[in-house]
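Any read-out appearing in this document is the output of simple, stated calculations on the displayed coordinates, not a laboratory observation. The structure displayed is predicted, hence computed values, not measured ones. Because the Cβ atoms are built from the backbone with ideal geometry, glycine has one as well, and the counts that use them run over all protein chains shown.
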Amino acid sequence: MAWVITKLCIDCVDQSCVEVCPVDCIYEYTGDDKASFPNQLFVDPEECINCGVCEPECPWEAIFEDEQVPDVFQSDTPLNARIVDVADDRKVPEKEDKPRPTPEQIESNKEKWGFTG
């Protein structure tokens, strides 16, 4: 089992999850294939130890246990797994100070991706 960062992270990329990950298994894609890898973070399922400390840290509520990923985000599970195949085009990002989203921003982001649950 591993955790999955869903498209709720796209263009939000808070990075609070990176800061708490004890095994540095959360990556940003640094390659040129932006069509396949959107601007978000990804969990390497081969490195993830399933500790779950990343999930409560995400202010965008974008992280789910792989078995609990909502139906609307099912395609995000294999997308996260593909980060394994691009080891030369990924890095653990440095945490940047970013303002926390408001509850309204979080709800608006969920609505944008069709997640109302």
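The residue among 50, 109, 79 whose Cα reaches farthest toward the positive pole of the charge dipole of the range 27-117, with charges on the beta-carbon of Lys, Arg, Asp and Glu, is 109. Computed over the alpha-carbon pairs of the chain, the distance histogram in 10 Å steps reads 15, 51, 32, 2 percent, short to long.
For a paramagnetic label modelled on residue 88 (point 7 Å from Cα along Cα→Cβ), amide N atoms under 19 Å away belong, within the range 32-60, to 32-37.
The residues packed around residue 19, meaning those with a beta-carbon under 13 Å from its beta-carbon, carry a net charge of -4 if Lys and Arg are +1 and Asp and Glu are -1. Placing +1 on the Cβ of every Lys and Arg and -1 on the Cβ of every Asp and Glu, with nothing else charged, gives the chain a dipole about its Cα centre of roughly 260 debye. Computed per residue of the chain from DSSP H runs no shorter than four, each worth -39500 (n - 2.57), the mean residue ellipticity at 222 nm is -4500 deg cm²/dmol.
Among 16, 75, 36, the largest mean-square fluctuation in a Gaussian network model of the chain, built with springs joining Cα atoms closer than 10 Å, belongs to 36.
Relative to the Cα centre, the charge distribution of the range 26-83, modelled as +1 at Lys and Arg Cβ and -1 at Asp and Glu Cβ, gives a dipole magnitude of about 200 debye.
Scalar couplings 3J(HN,Hα) for the range 40-57, obtained by applying the Karplus form with A = 6.51, B = -1.76, C = 1.60 to θ = phi - 60°, are 7, 9, 9, 9, 7, x, 7, 9, 5, 9, 6, 7, x, 5, 6, 4, x, 7 Hz; x denotes Gly and Pro. The C-alpha atoms of the chain define a longest principal axis, and helix 103-112 lies at about 70 degrees to it.
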